[in-house]
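**Q** Below are the structure tokens for one structure; questions will follow.
The values are calculated or read from the model by the stated rules, or taken from the named source; none is laboratory data. Since this is a predicted model, take the numbers as computed values, not measurements. Glycine gets a Cβ as well: all are built from the backbone with ideal geometry, and neighbour counts include every protein chain shown. Please note that ligands, DNA and RNA were not included when accessible areas were found on the heavy atoms of the full protein model with its side chains. Shrake-Rupley method; radii C 1.70, N 1.55, O 1.52, S 1.80 Å.
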Amino acid sequence: MTEFNQSTDDAANQEPAPAPAKSKSIWSYVALGAILIAGGVRILAGFDKSSQIDEANKLIDEARFSVTQAQQHSDEGAKRIDLVFTDSLGELADARVKFKPDAEKGIDLYGKSGESFRLAAKQFEQAATMRVDSVLQEYWGLKAKQMSAMAEIQDVLVQQFRLALDESIADEAELVKKIQEIAEPVDGIAARGKDFGERAEKVMTDHPTVFSKE
């Protein structure tokens, strides 16, 4: 009997948090990603000697760490959003000088978050190819897809901070328009990630002899 601990299933199925409603604000168009940390899961089913469960468990531990890193980077990045995307930027060139350090930090943090989510996706995907119970293969495959969706949302946030620093954008109205345009796919990405998370949860619910939440 072997154990593995897997990050965030309870919160993992949440949709990205909506931006706070502020009238005529750039905030209205900033994509905010909800992150995933959740409770552990234990494997109860036994495996024969040909199973690769030990190798898979190692990958799942690594994936859990990757998601934790993604969470931390994204949480720190979120602190920069309110410092850059305020209710009114006024003269954009002047505002850009003030918020440039925070925007650059946001790019760095959300970039690292996206990288960590992609690494987690790769680790889940690799675990799903191991010689283990097919239920686990299905579950880990779905988690891999969910992590990939989360990485895409972090990419949008990086793009939005980069737009804020783009000196070719002359005024706030143009910036808001461009931010709105690149945020349009976020709802679809979030819905896709939510679906993968819910399907993974259902796999757990339908196979209690394999999974047991701590």
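**Q** In whole Hz and in residue order, list the ³J(HN,Hα) couplings for the range 116-127 that follow from phi through the Karplus curve 6.51 cos²θ - 1.76 cosθ + 1.60, θ = phi - 60°; x for Gly and Pro.
**A** 5, 5, 5, 5, 4, 4, 5, 5, 4, 4, 5, 4
**Q** Residue by residue through the range 161-172, what is 3J(HN,Hα) from phi via Karplus (6.51 cos²θ - 1.76 cosθ + 1.60, θ = phi - 60°)? Round to whole Hz and write x for glycine and proline.
**A** Working through the residues one at a time gives 5, 5, 4, 4, 8, 6, 6, 6, 8, 8, 9, 5 Hz.
**Q** Follow-up. Grab the other residues whose beta carbon is less than 15 angstrom from that of residue 110, score K and R as +1, D and E as -1, and report the net.
**A** Values: positive: 79, 80, 105, 112, 118, 162; negative: 75, 76, 82, 102, 104, 108, 115, 152, 155.
That sum, taken over residues with Cβ under 15 Å, equals -3.
**Q** Give the residue list of trypsin sites (Lys or Arg not before Pro) in the range 84-176 that are DSSP loop and have at most 13 other beta-carbon atoms within 10 angstrom.
**A** Details: sites: 96, 98, 105, 112, 118, 122, 131, 143, 145, 162; in loops: 131.
Answer by residue number: 131.
**Q** Let me ask something else. Can you run the Rg to Rh ratio on the range 79-122? Use alpha carbon positions and the Kirkwood inverse-distance Rh. Let's see the in-between values first.
**A** On the way: Rg = 13.5 Å, Rh = 11.6 Å.
Radius of gyration over Kirkwood radius for the range 79-122 works out to 1.16.
**Q** What FRET efficiency comes out for the pair residue 206/residue 83, r = Cβ-Cβ distance, R0 = 41 Å, nearest 0.05?
**A** Efficiency at R0 = 41 Å is approximately 0.35.
**Q** Write down the accessible area per residue of the range 44-189 in Å², having rolled a 1.4 Å probe over the full set of protein chains. Mind dumping the intermediate values first?
**A** Numbers: 7050 Å² over 146 residues.
I get 48 Å² per residue for the range 44-189.
**Q** Treat each spin label as a single point 7 Å out from the Cα along the C-beta direction, and report the residue 129 to residue 94 distance in nm.
**A** The modelled label-to-label distance comes out at 5.7 nm.
**Q** Here are some pairs, 79/100; 100/145; 79/202; which of them have Cα atoms lying more than 25 Å apart in this structure? Don't skip to the answer; put the middle values down first.
**A** Values: 79/100 14 Å; 100/145 33 Å; 79/202 34 Å.
Those over the limit are 100/145; 79/202.
**Q** So, with a 1.4 angstrom probe, what is the percent of accessible area on the range 131-211 that is carbon and sulfur?
**A** Its accessible area is 49 percent carbon and sulfur atoms.
**Q** When the distances between all Cα atoms of the range 91-210 are binned every 5 Å from zero, what whole-number percent does each bin get?
**A** Binned Cα distances yield the sequence 2, 12, 16, 16, 14, 11, 9, 7, 6, 4, 2, 1, 0.
**Q** Once phi is turned into ³J(HN,Hα) by the Karplus curve 6.51 cos²θ - 1.76 cosθ + 1.60 with θ = phi - 60°, what whole-Hz value does each residue of the range 77-82 show in order, with x for glycine and proline?
**A** x, 4, 5, 7, 4, 5
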